[in-house]
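Trainee: Sharing a structure below in structure tokens format, with a few things to ask.
The values are calculated or read from the model by the stated rules, or taken from the named source; none is laboratory data. None of the values given here were measured: they were computed from a predicted structure. Methodologically, a virtual Cβ is constructed for each residue, glycine included, from the backbone with ideal geometry; neighbour enumeration extends over all protein chains shown.
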Amino acid sequence: MTMLKGSCLCRKVQIEVPDDFEYMGNCHCSECRKFTGADYSSVGGLSSDKFRFTAGEEFVAVYRKSEDTELAFCQCCGSSLFSRKLKTHKHNIRLGILDSPPTHAPSFHIFVASKAPWNDIADGLPQFAQGPVKQK
Ligand SMILES: [Zn+2]
Ligand SMILES: [Zn+2]
């Protein structure tokens with residue numbers, strides 16, 4: 001299995017995941033927009049046990065967004081890294097931190113009902129008003 005490497009802006013935090021995301025999508029929810037500062041967040045999800053830090057775990061801070069969700073970011077440079085779903089044991093990796101290109105690409109849009117008003121989604125991917133999309 002090819003491994004994908006990722007890092008934060010200051011590169012203190014380094015991560016590795018297999019090139020085997022269970023799903024990849026674009027989340028337009030207002031919380032992802034605030035946390036990332038971007039129009040939407042592209043993520044790839046996989047089981048938490050497939051995720052590992054290769055350096056700098058001590059620089060990672062966690063914001064507990066809800067009972068089920070932690071948001072991780074680098075304390076040095078502020079890069080958002082991933083969300084961690086505690087009940088389903090998934091890591092949703094922010095694709096923007098990847099240094100190696102994944103084989104696949106995001107295949108859907110979720111929470112389109114709360115997308116940024118200036119953001120015209122111009123691709124032909126399926127759009128869902130809410131989310132997440134049911135997987136398998
Ligand atoms: Zn950093
Ligand atoms: Zn979101």
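Trainee: Which of the strands (runs of 3 or more DSSP E) contained wholly in region 19-136 include at least 1 residues that are of a type in the set (Lys, Arg)?
Mentor: Qualifying strands (runs of 3 or more DSSP E): 52-55, 60-64, 80-85, 90-94.
Trainee: Just to be sure, is residue 79 polar (S, T, N, Q), exposed (fewer than 13 other Cβ atoms within 10 Å of the Cβ) and more than 22 Å from residue 123 (Cβ to Cβ)?
Mentor: Values: polar (S, T, N, Q): yes; exposed (fewer than 13 other Cβ atoms within 10 Å of the Cβ): no; more than 22 Å from residue 123 (Cβ to Cβ): yes.
So residue 79 fails the test.
Trainee: Quick one: in region 54-72, of everything that is over 26 Å from residue 121 (Cβ atoms), within 16 Å of ligand 1 (Cβ to nearest atom) and not small (Gly, Ala, Ser), which residue is surrounded by the most Cβ atoms within 10 Å (Cβ to Cβ)?
Mentor: 60
Trainee: Test of understanding: among 112, 17, which residue is surrounded by 15 or more Cβ atoms within 10 Å (Cβ to Cβ), under 19 Å from residue 129 (Cα atoms) and either under 15 Å from the mean Cα position of the chain (by Cα) or of a type in the set (Val, Ile, Thr) (or both)? Spell out how you get there, then give the answer.
Mentor: Details: 17 fails: under 19 Å from residue 129 (Cα atoms).
The conditions single out 112.
Trainee: Report whether or not residue 89 is touching a strand residue (DSSP E or B) at 6+ places or on another chain (Cβ under 7 Å), on the phi > 0 side of the Ramachandran plot and surrounded by fewer than 16 Cβ atoms within 10 Å (Cβ to Cβ).
Mentor: Answer is yes for this residue.
Trainee: So, in region 22-53, of the ones that are within 28 Å of residue 122 (Cα to Cα) and more than 16 Å from ligand 2 (Cβ to nearest atom), which residue ends up surrounded by the most Cβ atoms within 10 Å (Cβ to Cβ)? Give the steps one after another, and end with the answer.
Mentor: We begin by selecting, within region 22-53, every residue within 28 Å of residue 122 (Cα to Cα); these are 22-46.
From what's left, more than 16 Å from ligand 2 (Cβ to nearest atom): 22, 46.
Details: 22: 12, 46: 18.
Step by step, filter region 22-53, then rank; the result is 46.
Trainee: If only one of 115, 90 is within 16 Å of ligand 2 (Cβ to nearest atom), modelled with pLDDT of 95 or more and over 20 Å from residue 19 (Cβ atoms), which one is it? Quick ask: steps written out before the conclusion?
Mentor: Working: 90 fails: over 20 Å from residue 19 (Cβ atoms).
Result of the check over 115, 90: 115.
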